[in-house]
Amino acid sequence: MMFRESLSIELRSDASVVALPLDDGPGWLRALSAWNPLRYVVAAERALFTGDVWAASTIKGLLAAVIVGTLGLMIGVRAMRRSA
């Protein structure tokens, strides 16, 4: 089963979500999405749902989640130390 990558845009007026396929989007949007770590986490979740535990996308998603979590923890600890 293949999944198309999509971009979710949250509209604040009524909290709706619009999913646009990235394949049909402009080049700058595709380039920007390559830097979004959640793209890799979502691809890993899709691979896991299909039962492909050792896929390259699963490993990239795990790595992206660890990096984002580590950076968030470092920024949070630094902020707490500065406020104390």
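The HN-Hα couplings worked out from phi for the range 69-78 by the Karplus form 6.51 cos²θ - 1.76 cosθ + 1.60 (θ = phi - 60°) are x, 5, 4, x, 5, 5, 5, x, 5, 4 Hz, whole numbers, x standing for Gly and Pro.
Placing pseudo-labels 7 Å out from each Cα toward the beta carbon at residue 31 and residue 70 gives an inter-label distance of 2.8 nm. The phi-based Karplus calculation (6.51 cos²θ - 1.76 cosθ + 1.60; θ = phi - 60°) puts the 3J(HN,Hα) values of the range 53-63 at 5, 9, 5, 4, 5, 5, 5, 5, x, 5, 4 Hz, whole numbers, x for Gly and Pro.
So if each residue of separation counts as 0.36 nm, and I subtract the Cα-Cα distance between residue 83 and residue 49, what length gain in nm does that give? Please report the intermediate quantities before stating the final value.
Values: separation 34, 0.36 × 34 = 12.24 nm, distance 4.18 nm.
Residue separation times 0.36 nm, minus the Cα-Cα distance, leaves 8.1 nm.
Evaluating 6.51 cos²θ - 1.76 cosθ + 1.60 at θ = phi - 60° for every residue in the range 40-47, the Karplus couplings come out as 6, 5, 5, 4, 5, 4, 5, 5 Hz, glycine and proline recorded as x.
Read the figures in this text as sums done on the coordinates, not as results from a lab. Fair warning: this is a prediction, and the values are worked out from it, not measured in the lab. FYI the Cβ positions are ideal-geometry reconstructions off the backbone, even for glycines, and counts take in every protein chain you see.
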